[in-house]
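Below you'll find the structure, written out as structure tokens, and then a few comments.
The values are calculated or read from the model by the stated rules, or taken from the named source; none is laboratory data. Source: prediction; values computed, not measured. For neighbour counting, all protein chains shown are included, and Cβ atoms are generated from backbone atoms with ideal geometry for every residue, glycine included. These area figures cover heavy atoms from the full protein model, side chains too; ligands, DNA and RNA do not enter into them. Shrake-Rupley method; radii C 1.70, N 1.55, O 1.52, S 1.80 Å.
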Amino acid sequence: MTDLNRLFNPKSVAVAGVSARHDNMASLILMNLTNWKFPGKVIGINPAHAGKEALGYPIYATLDDAPK
């Protein structure tokens, strides 16, 4: 059986489509991760908003641009 711990207890989460606006689904997911105090690293991805922030998290153009 495969170890599912990495799926259910990730060390980091990338959320695609986040923006500085808070009225889209990706931003809602980011808000939930913040409100539920996700203990891992949260990475926002959106090429159109790269260099900006969403809820205090930096937004990167691609996952490859995010720090490892």
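Taking Cα atoms, how many degrees apart are the long axis of helix 25-35 and the longest axis of the chain, rounded to 10 and kept between 0 and 90?
For 25-35 against the chain, the angle is about 60 degrees.
Rolling a 1.4 angstrom probe over the protein heavy atoms, how many square angstrom per residue are accessible across the chain?
Ligands and nucleic acids excluded, the result is 73 Å² per residue.
For the chain, what are the per-bin percents of Cα-Cα distances with bins 5 Å wide, up to the bin holding the maximum?
For the chain, the binned pair fractions read 4, 18, 28, 23, 15, 7, 3, 1, 0 percent.
When only C-alpha pairs under 8 Å and at least 6 residues apart count, what is the relative contact order of the chain, in percent?
30 percent
Please go through the chain and write out the chymotrypsin sites (Phe, Trp or Tyr not before Pro) that DSSP classes as loop and that have at most 16 other C-beta atoms within 10 Å.
For chymotrypsin sites (Phe, Trp or Tyr not before Pro) across the chain that sit outside H, G, I, E and B with at most 16 neighbouring Cβ atoms in 10 Å, the list reads TRP36.
First compute the accessible area of the chain with a 1.4 Å probe, then give the percent of it belonging to carbon and sulfur atoms.
Here it works out to 60 percent.
GNM on the chain, C-alpha springs below 10 Å: top fluctuator among PRO47, PRO39, PRO58?
PRO39
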